[in-house]
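Coordinate-derived values only; no laboratory data. Everything numeric here is computed off the predicted structure, so don't read it as measured data. All Cβ positions, glycine included, derive from the backbone under ideal geometry; neighbour counts span all protein chains shown.
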Amino acid sequence: MRAIILAIVGLPLALMHPACGQNAADPDRLIREMLPLFDSNRCAIFSDTAERLFCGDPELNRLSARLSSAVQDRLDRIPNRRLAIEENAEWIRNRNSSCGIFRNQRLSAPEINYIKGCLLKQTEARIDILDDPNFDCLSSNNAAGLLICSDPDLAAAKTDFNSMVVGLLAKLKGDDARRALLEYERWSRERDRTCDLADKDNAPLEELSSSEACLANYFKRKTAELAAAKGNPGRIFARPPFSPLPDANAVDLCIAQIHAANACEGFLSVKRVVELDSEIATASAIVTAEIEMSVLTPFAVCSPIASGCTGSCWDSKSGEAKPVPPSRASLTSGRRVSIQKSFAFQRTDGGGWRCETAALQPVEAGVAMSAP
């Protein structure tokens, strides 16, 4: 039962605000009386209103299995599951807000009935959307996704490309699979920089059309590379970690290596890498960049994940990157973290550039922002 509920909720739900209501001696009495499965399913272990309702109400409980199946079907058909999980977490936050679910909530009977009806309606609609074969395109929220989904040829090319990537990823396990997924994500960011689509998420479609040819060439080239691997993921994902130039793409590769070494992929997703400055000599280079990351799973503001994956501890009040005393405060799901850091590179004998920076700590500047 717990597994089903967690599959639906995915990431922590939006927090709830105080309200007046029930007998302080037994705050669960009313919801226990209104939810027939509350005691048998041990729903008291959940603190969130939505989790308790999905656990204890027969209609919502049955619907939870359908939603879990629809979510899993989507995860099985796309290479980057983390983006789907991130999108699902955003939907949960929006659903809770729409249904009036807030932190530390004590509810009356009419409020419980209202929230139940709202959850039923929202969940049925979510299942229908997830079952739509066009949803993966419709859920795109960046410039590249918008442009790809507006062009049937680009959409078909992306589908073929993703299918090949999924096949290769399925053959990898453990650390190899983690590194391959980070590399796949990096491809998308490098593609967007190359095709002049980075930082254009709010641009109208007509302003993006000049990038269509670049995207078509990208999918043609990458699909040919995947086909040439003949089903061997090692030919794609086990390449020397060198970059042709010391630039934003090289920094992105460096970050992927650092995140893989620190097992960061379950906690953070790199959203953008922007080159701010560079100093390039014959055999060495320093590239200063801004890196923006999105929090997928909460972690303590000063912890091994904070220092290893973001390069700093974080002040929970100001959002600044700086040393802080031990605290129970966390960076919650959906928060954005932006850091500035200089990365060192060394030219290899083959003419490529190898990252010499082994850790993100320390950073030159940083700020933790609220969820968009």
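Data for the structure
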quantity: Rule-of-thumb Rg ratio for the range 140-239 [Cα; 2.2 N^0.38 Å; N residues]; calculated: 1.12
quantity: Rh by Kirkwood over Cα pairs, then Stokes-Einstein D for the range 259-329 at 1.306 mPa s and 10 °C, µm²/s; calculated: 116 µm²/s
quantity: Farthest positive-ward along the chain dipole, Cα basis, beta-carbon charges - from Pro204, Leu147, Ala283; calculated: Ala283
quantity: Zone of Arg32's modelled label, taken as backbone nitrogen in the range 94-121 under 15 Å from a point 7 Å along Cα→Cβ; calculated: none
quantity: Ser370, Ser327, Ser312, Ser269 arranged by Cβ crowding within 10 Å, fewest neighbours leading; calculated: Ser370, Ser327, Ser269, Ser312
quantity: Volume per residue of the C-alpha convex hull in the chain, rounded to whole Å³; calculated: 156 Å³
quantity: For the range 207-224, 3J(HN,Hα) per residue [Karplus equation, 6.51 cos²θ - 1.76 cosθ + 1.60, θ = phi - 60°, Hz, x = Gly/Pro]; calculated: 7, 9, 4, 5, 8, 4, 5, 4, 5, 4, 5, 4, 5, 5, 5, 5, 5, 5
quantity: Debye intensity ratio in log₁₀ form over the Cα atoms of the range 186-234, taken at each q of 0.18, 0.19 Å⁻¹; calculated: -0.63, -0.67
quantity: Contour minus Cα-Cα distance for Ala156 and Leu245 (0.36 nm per residue); calculated: 28.9 nm
quantity: Sorted by Cβ density within 10 Å, fewest first, the residues Met34, Met369, Met293, Met164; calculated: Met369, Met34, Met164, Met293
